[in-house]
Amino acid sequence: MSPTPRPSASSVDALEIDTAVVEELLCGFIHDEVHKVGFDSVVVGASGGVDSSLVVALACRALGAEHVYPVTMPYSTSSVQSEEDARAVCAQYGIEPEVENITDQIDAYFTRHPDAGLTRRGNKMARERMTILYDRSMAHGSLVLGTSNKTELLLGYGTLFGDMASALNPIGDLYKTQVYAMGGALGLPVRVLTKAPTADLWTGQSDEEELGLRYAIVDVVLFRLIDERRSRAEVVAMGFEAALVDDVMRRVRASQYKRRPPVIAKVSARTIDRDFRYPRDWGR
Amino acid sequence: MIVQQRETVAAPDVADVAAEADAFVAALAQVAPRLGDVAANLERHLEIIAQAAGAGANIVVFPELSLTGYFLKDLVPDVALRIDSDEISRLAEACRDIDAVIGCVLETDDTRFHNASVYLSGGRVARVHAKVYLPTYGIFDEQRYLAAGDRFRAFDLTTPGANSRWRAGMLVCEDMWHPSAVSLLARQGVDVFLVPSASPGRGVLRGAALGTAHSYDAMTRTYAQLFTAYVVYCNRVGYEDGIAFWGGSRVVGPDGATVIEPAGADETIVYQRLEKTALRRARIAYPLLRDERHDVTDAETERILRRRTRD
């Protein structure tokens, strides 16, 4: 049996995007969808990572930095560098993030549930941050922008009603490697573009270690399967390990519920989202 | 939003056009309709019709479903208009000194809903084209909500400024993705294809710009050249539920060259003069219409039909 060839470097080229076109598209999206529902500003959770940094940059370009409210929400174990990186991104646009430390409320809760593991704690933190963002959005009269990328959304690597919650998500159709490309094109700080991706839910957490996947490869597998609708056999024939392809497909299937609204038991003639179908931008 | 006239394209001089019996001026109203708000869109139409008429245009072409917006879903019955509705009558009434092509959902007597383009001229409805090809794949869901048209008919433009006979054919967006539709119209003699569109931008891989924009660029140029006719392509702009419409409205001349650079992705009105002399030059250089073998097409079609009957 011949050894499985590694994906060639050129396979990543499949994900190459025209960053100028995407910037125009996403800034237009933010401006249009925010303004037509009667708002003019947004709240963004700014973690110092590449996803939220890109969203902050896009929002500043789309709406003007004075209409962007970044919020940094560290926990006691969060890396100090993360907050500094978030500040650096905001500083590029002449703004400062609000800082809301979540340690007190998270610790108060888990004092009563000391047995909770890292995932429960991480999910609780993500949902705590969500409630803060929605509260800040009410205070500022703003909409919450989402920061989940397409890779996370497809793999289910996010907390339902936590970091996955938002009013508008400008980067949900960009794979992680495309987020980096956009971040580079928009001139995000080098540190933000070069540090290891992390949800920063506990010290030393690494996305790629936790997932057991490398973004540079998993993004291409997802692109072949999802965007190009290639079969498993085709993707394997392109040089990707069968076990990896199977793992990716399994994760996408297993997390489908996270990408859908809650299931409603059908009783009436017209059930929301089944046979009551209206555009979200109804009348806008 | 305010419609701005493109700086690079001066509004035409009315006197110039009148002096040229074989020319008329088309205005392309690249707008962003409000989704499901017919009343607001109607007012915008009336403003733009007046503006285009004031600028000396003879016909103003609006995008597909310009009165309603595109991703209507269950709103279709709510925004549908009958051809004798007050809304259509008001628009027709505004079209005495200028013609217009507007897009709407038309409801028939037997409660079918068409994605229609309506040609208004001389204060009345002069022509209706119900979109034949309703895309129902990918992001599109038209056949769930709409009924398909069943004909492609060319007609004479009665544009006030066009003193000579101009033949026109309407194709709504996806209609143009079917060469048979364009060919059927061309066979009836078409000088100008009027193509209202609501084309969403998708596919942003490098080198392709917006994938769909690239496709429309190829189609409009190819059809214009192969059928030696003008293609007036008016696409909408704006976003609906996160989906961007990419604009790029343009006029392609009968030699396949874009005579007016595609508009960007903002609301704008683009003006372009269409000239019979350009049609003549193109048809002398490429007498493709003269050489078209309709007899071969008919004979082969009959043979295919006979064989199908035998099967």
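Remarks
- Karplus-derived 3J(HN,Hα), 6.51/-1.76/1.60, for each residue of region B:71-78, Hz, glycine and proline x: 7, 7, 6, 6, 6, 3, x, 6
- Under Karplus coefficients 6.51, -1.76 and 1.60, residue-wise ³J(HN,Hα) of region B:187-196 in Hz, glycine/proline x: 5, 8, x, 10, 9, 9, 8, 9, 10, x
- Across chain A, Cα pairs under 8 Å and at least six residues apart give a relative contact order of 21 percent.
- Largest accessible area first, the residues A:VAL99, B:VAL60, A:VAL190 order themselves as A:VAL190, A:VAL99, B:VAL60 under a 1.4 Å probe with ligands, DNA and RNA left out.
- When the residues B:ARG165, A:ARG136 are ordered by accessible surface, computed with a 1.4 Å probe over the protein chains alone, the sequence from largest down reads B:ARG165, A:ARG136.
- Dimensionless Rg ratio for the protein assembly as shown, taking C-alpha atoms and the 2.2 N^0.38 Å reference: 1.11
- The calculated FRET efficiency for the pair A:ALA196 and B:ASP266, based on their C-beta separation and a Förster distance of 41 Å, comes to about 0.55.
- Shape class for region B:4-310: rounded, because the ratio a/c of the largest to smallest gyration tensor axis (alpha-carbon atoms, square roots of eigenvalues) is under 1.5.
- For the protein assembly as shown, the mean residue ellipticity at 222 nm estimated from helices alone is -11000 deg cm²/dmol, where every DSSP H run of n ≥ 4 contributes -39500 (n - 2.57) and the total is divided by all residues, rounded to the nearest 500.
- Close amide H partners of B:THR258, meaning residues 5 or more places away or on another chain with modelled amide H under 5 Å apart, are B:GLY253.
- Region B:157-302: C-alpha gyration tensor shape, a/c 1.5 cut-off, then a/b vs b/c: prolate
- All other residues whose Cβ lies under 15 angstrom from that of B:ARG151 are scored, Lys and Arg at +1 and Asp and Glu at -1, for a net of +3.
- From the C-alpha gyration tensor of region A:9-212, square roots of 5λ in Å: 26, 21, 15
- Largest GNM mean-square fluctuation among B:ASP156, B:ASP175, B:ASP191, using chain B with Cα springs under 10 Å: B:ASP156.
- Look at the stretch B:238-245: the mean tally of other chain Cβ atoms within 10 Å of its residues' Cβ atoms is 6.
- Among B:THR297, B:THR159, B:THR212: highest mean-square fluctuation, GNM of chain B, C-alpha pairs under 10 Å: B:THR297
- Region B:32-98 and region A:148-210: distance between their alpha carbon centers, rounded to Å: 43
- A:HIS35 contributes an accessible area of around 80 Å² to the protein surface, as traced by a 1.4 Å probe with all chains present.
- Distance between region A:62-80 and region B:229-261 - C-alpha centres, whole angstrom: 40
- Lysine pairs meeting the criterion (Cα under 19 Å, 8 or more apart or interchain), as found in the protein assembly as shown: 6
- Distance in nm between pseudo-label sites at B:ILE83 and B:ARG280 (7 Å out along the Cβ direction from Cα): 3.6
- Rounded to the nearest 10 square angstrom, A:SER268 shows an accessible area of 60 square angstrom against a 1.4 Å probe.
- In terms of accessible area, using a 1.4 Å probe and ignoring ligands and nucleic acids, B:ARG236, A:ARG214 rank largest first as A:ARG214, B:ARG236.
- Percent of Cα-Cα distances greater than 21 Å, calculated over region A:159-241: 44
- When the P(r) of region B:30-167 is calculated, the portion above 25 Å amounts to 24% of the C-alpha pairs.
- Close amide-amide hydrogen proximity is noted between B:VAL237 and B:VAL31, B:ALA32, each under 5 Å apart and 5 or more residues distant or on a separate chain (H modeled in the peptide plane; Pro and chain starts excluded).
- Distance (nanometres) between label positions extended 7 Å along Cα→Cβ at B:ARG153 and A:ALA108: 7.4
- With all protein chains modelled, accessible area of A:TYR93 [1.4 Å, Å²]: 50
The values are calculated or read from the model by the stated rules, or taken from the named source; none is laboratory data. Quantities reported herein were computed from a predicted structural model and do not represent experimental measurements. Virtual Cβ from ideal backbone geometry, glycine too; neighbours counted across all protein chains shown. SASA here: full protein model, heavy atoms, side chains in, ligands and nucleic acids out. Shrake-Rupley method; radii C 1.70, N 1.55, O 1.52, S 1.80 Å.
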